[in-house]
1. May I ask you to verify whether Gly63 is at positive phi, touching a residue at least 40 places away in the same chain (Cβ under 8 Å) and touching a strand residue (DSSP E or B) at 6+ places or on another chain (Cβ under 8 Å)?
2. Report, by residue number, each residue of the range 51-97 that is touching a His at 6+ places or on another chain (Cβ under 6 Å) and farther than 15 Å from Ile157 by Cα.
3. With open to solvent by less than 70 Å² (accessible area, probe 1.4 Å), at pLDDT below 80 and of a type in the set (Gly, Ala, Ser) as the only criterion, which of Gly67, Gly38, Gly63, Gly53 stands out?
4. Can you spot a residue in the range 13-31 that is modelled with pLDDT of 75 or more, over 30 Å from Pro127 (Cα atoms) and among the aromatic types (Phe, Trp, Tyr)?
5. Checking Gln30 against (1) open to solvent by less than 70 Å² (accessible area, probe 1.4 Å); (2) over 22 Å from Met142 (Cα atoms); (3) under 17 Å from the mean Cα position of the chain (by Cα), which single condition isn't satisfied?
6. Residues that are over 20 Å from the mean Cα position of the chain (by Cα), at least 2 per element: which helices (runs of 4 or more DSSP H) completely within the range 76-154 meet that?
7. Restricting attention to the range 66-75, which residues are assigned to a strand (DSSP E or B) and in contact with a Gly (Cβ under 7 Å, 6 or more places away or on another chain)?
8. Touching a residue at least 60 places away in the same chain (Cβ under 8 Å) and open to solvent by 20 Å² or more (accessible area, probe 1.4 Å) - does that describe any residue in the range 130-140?
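The values are calculated or read from the model by the stated rules, or taken from the named source; none is laboratory data. Note that this is a predicted model, so its numbers are computed, not measured. Note: ideal-geometry Cβ built from the backbone for every residue, glycine included; neighbour counts use all protein chains shown. For accessibility, only protein heavy atoms count, side chains too; no ligands or nucleic acids. Shrake-Rupley method; radii C 1.70, N 1.55, O 1.52, S 1.80 Å.
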Amino acid sequence: MKKNLFCLLAILMLPACNDMKRQPKYTPYQPSPFFADGRSTRMPVADTVSRDGLRLDDHLYKGKVNGKDAETLPFPLTPELLNRGQERYTIFCSVCHGTLGKGDGMVVQRGFPAPPSYQLDRLMKAPVGHFYDVMTNGWGKMYSMNDRISVQDRWAIAAYIRVLQLSQNGRLSDVPEADRAALEKTR
């Protein structure tokens with residue numbers, strides 16, 4: 001008897017769950033007589049700051065200075081930055097671009113279109129902000145990495161791309177005198 005009564009109550013209560021679907025609410029941009037301006041969507045309070053911050057620094061967030069690709073990093077170049085760039089490059093970029101930036105990554109070997117080599121003359125001459133911009137907004141077949149890689153890590157990767165470019169075209173004369181002797185010993 002108790003079991004039957006419980007089942008009957010459960011059946012009677014079930015339609016009440018659907019009331020949440022039919023509750024009064026406003027969808028975005030739907031007119032509302034409640035407010036004097038007739039809008040249901042309210043404007044943000046003056047001087048409100050978004051959760052992501054203001055992002056007023058175009059150099060840092062867009063890779064641009066006066067509307068052109070930045071020639072410099074927005075912060076100092078350090079060994080830690082380059083190490084971070086190498087780590088992030090290996091994780092996010094090497095699958096397409098390859099470990100040396102020649103456009104021969106693992107997915108390319110499996111049939112995906114090859115990205116250009118960083119050793120191309122136009123990319124050797126490209127400002128560092130170009131690489132940041134491509135990671136942020138995408139380019140050609142490359143999609144944006146904006147939602148996957150943080151701002152600081154995109155800059156670190158851009159700095160590491162420069163290292164890859166220089167390392168593939170380096171000469172012994174580029175090495176400081178103090179370090180040159182140590183390199184010659186390893187030959």
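1. Working: at positive phi: yes; touching a residue at least 40 places away in the same chain (Cβ under 8 Å): yes; touching a strand residue (DSSP E or B) at 6+ places or on another chain (Cβ under 8 Å): yes.
When the stated conditions are applied, Gly63 passes them.
2. Taking the range 51-97 as the starting set, the residues that turn out to be touching a His at 6+ places or on another chain (Cβ under 6 Å) are 65, 69-70, 74.
Listed by number, the residues that qualify are Val65, Asp69.
3. Numbers: Gly67 fails: at pLDDT below 80; Gly38 fails: at pLDDT below 80; Gly63 fails: at pLDDT below 80.
From the options Gly67, Gly38, Gly63, Gly53, the qualifying one is Gly53.
4. Filtering the range 13-31 for residues modelled with pLDDT of 75 or more gives 22-31.
Okay, now just the ones that are also over 30 Å from Pro127 (Cα atoms), so 22-31.
Remaining after also requiring among the aromatic types (Phe, Trp, Tyr): 26, 29.
Yes, because at least one residue in the range 13-31 is modelled with pLDDT of 75 or more, over 30 Å from Pro127 (Cα atoms) and among the aromatic types (Phe, Trp, Tyr).
5. Gln30 satisfies all of (1) open to solvent by less than 70 Å² (accessible area, probe 1.4 Å); (2) over 22 Å from Met142 (Cα atoms); (3) under 17 Å from the mean Cα position of the chain (by Cα) except (3).
6. On the way: elements: 79-92, 94-97, 106-109, 121-125, 128-137.
Result: 106-109, 121-125.
7. Start the filter on the range 66-75 by keeping residues that are assigned to a strand (DSSP E or B), which leaves 68-69.
Of everything in the range 66-75, just one residue is assigned to a strand (DSSP E or B) and in contact with a Gly (Cβ under 7 Å, 6 or more places away or on another chain), namely Asp69.
8. Within the range 130-140, one or more residues are touching a residue at least 60 places away in the same chain (Cβ under 8 Å) and open to solvent by 20 Å² or more (accessible area, probe 1.4 Å).
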